[in-house]
1. For every other residue with a beta carbon closer than 13 angstrom to the beta carbon of residue 177, add +1 if it is Lys or Arg and -1 if Asp or Glu, then tell me the sum.
2. Just to confirm the filter: which trypsin sites (Lys or Arg not before Pro) across the range 297-334 are DSSP coil and have at most 13 other Cβ within 10 angstrom of their Cβ?
3. Please report, in whole Å, how far the alpha carbons of the range 85-332 spread along each principal axis, starting with the longest.
4. Have a look at the DSSP beta bridges in the chain and tell me what percent are antiparallel, nearest 5.
5. Does anything in the range 229-265 have its amide N under 16 Å from the 7 Å Cα→Cβ label point of residue 201, and if so which residues?
6. Measuring from centroid to centroid over Cα atoms, what is the spacing of the range 119-166 and the range 270-306 in Å?
7. Decide, for the range 60-147, between rounded, prolate and oblate: order the square roots of the alpha carbon gyration tensor eigenvalues as a ≥ b ≥ c, take rounded if a/c falls under 1.5, and otherwise choose prolate if a/b is larger than b/c, else oblate.
8. Rounded to whole Å and sorted largest first, what semi-axes of the equivalent ellipsoid does the C-alpha gyration tensor of the range 203-339 yield via the square root of 5 times each eigenvalue?
Amino acid sequence: MNSSILKQFQSIIDPIHTSNLFELSDQKLMIRLPKQWKQYHYWSLLKRLRTRIIKESLRFRYFQSISQVAYQKAVRKYAANLPPLSAADMAIVDALDREGVFVTSLEQLEISSTPLLLNACQHILPKIKTISPKHNQQYVIHATSSQLMEYPEIFNWGLEEKLLDIIENYLSLPTICHGVYLRRDLTNQVQKKSRLWHLDREDRRMFKIIIYLNDVNEEGGPFQYIPKSLTSITSRALKYDYSYIDDKTMEQVVPSSEWKSCLGSAGTVVIADTASIFHRGKKSLVSDRLAIFFDYTSRRPKHPHYCKSFFSVDELNILTHNLSQRQNDCVWGNQRLLF
Ligand SMILES: O=C(O)CCC(=O)C(=O)O
Ligand SMILES: [Fe+2]
């Protein structure tokens, strides 16, 4: 391959060092735009182009290894900038490294804006409790982005500096928050998508925070997972290709006695690296599960095409208006192309 083309390819798929056209500032983008185009359209076009190139390139082993080397280099480079953690917070990082999951509570997590978060949830939950499913295969109802926009405390909670410190230590890289979902998982027999076993594929490591807003027992639709060490064995045994796995298939590799359920009362917090452990939401048989989910990856995720922001660009502009530079970076990245 011609070396300049090769270089261009490398810079595009390189998740960390993108010295390419995608680093153009908003200002430059605006200047090059035909007048009738809105900034957003141009972004979305570039985003789709970049996504397509990355997706196609990563099918080749050669580009996979370039991407892996760039990732390791970025991790080494960022090591000196990792924020220091208390022993309690370090225990979270260690548990995620070992097991892939850490279960705690809002109380133990000691995030200062938790009362604001809970107050906001109390306002929104009654609204999503009264919505009926649109069809009999629906298993989850989400609060809409405009409902969440009325209570920015929920979005802000996920960007508390204490959390960002823990997340960055686990990812070993600067992070980006892809969204917050306030959801009601319905009591029914539906077993599809995230109710089946899978690994999330957005990034090499992921950080997901799930806060239960009601008591969740074994029949109440708990988050379930296969511990990290068994996940890698299972992945090899199944020649896993990121599809969804049913119970019967999983049982052939990992007996159900090894499947772990995260149970707990309202206020329980499940922290999981959903890229490193097989997991699913078990179907709820007795009561709906109410929960908030926050999703994080590194700022240059391995598969940006699977990262979707829950909020629109306009909504994010409003939500981030009064936030610190660090928090803004954890929403937008260093430029705004992920959205
Ligand atoms: O519903 C759950 O507990 C798990 C959902 C899931 O797979 C995810 O958020 O990645
Ligand atoms: Fe998942």
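1. Result for the local shell: -3.
2. Within the range 297-334, the qualifying trypsin sites (Lys or Arg not before Pro) (loop, at most 13 other Cβ atoms within 10 Å) are 308.
3. Over the range 85-332, Cα extents along the principal axes are 52, 42, 34 Å.
4. Rounded to the nearest five, the antiparallel share is 95 percent.
5. 235-236, 238-246
6. 15 Å
7. Numbers: a/c = 2.71, a/b = 1.47, b/c = 1.84.
Oblate is the answer for the range 60-147, as a/c is 1.5 or above yet b/c matches or exceeds a/b.
8. Ellipsoid half-lengths, sorted descending, are 31, 21, 12 Å.
No value in this document is a laboratory result; all are computed from the given coordinates. The structure presented is a predicted model; accordingly, all values stated were derived computationally and were not measured. Because the Cβ atoms are built from the backbone with ideal geometry, glycine has one as well, and the counts that use them run over all protein chains shown.
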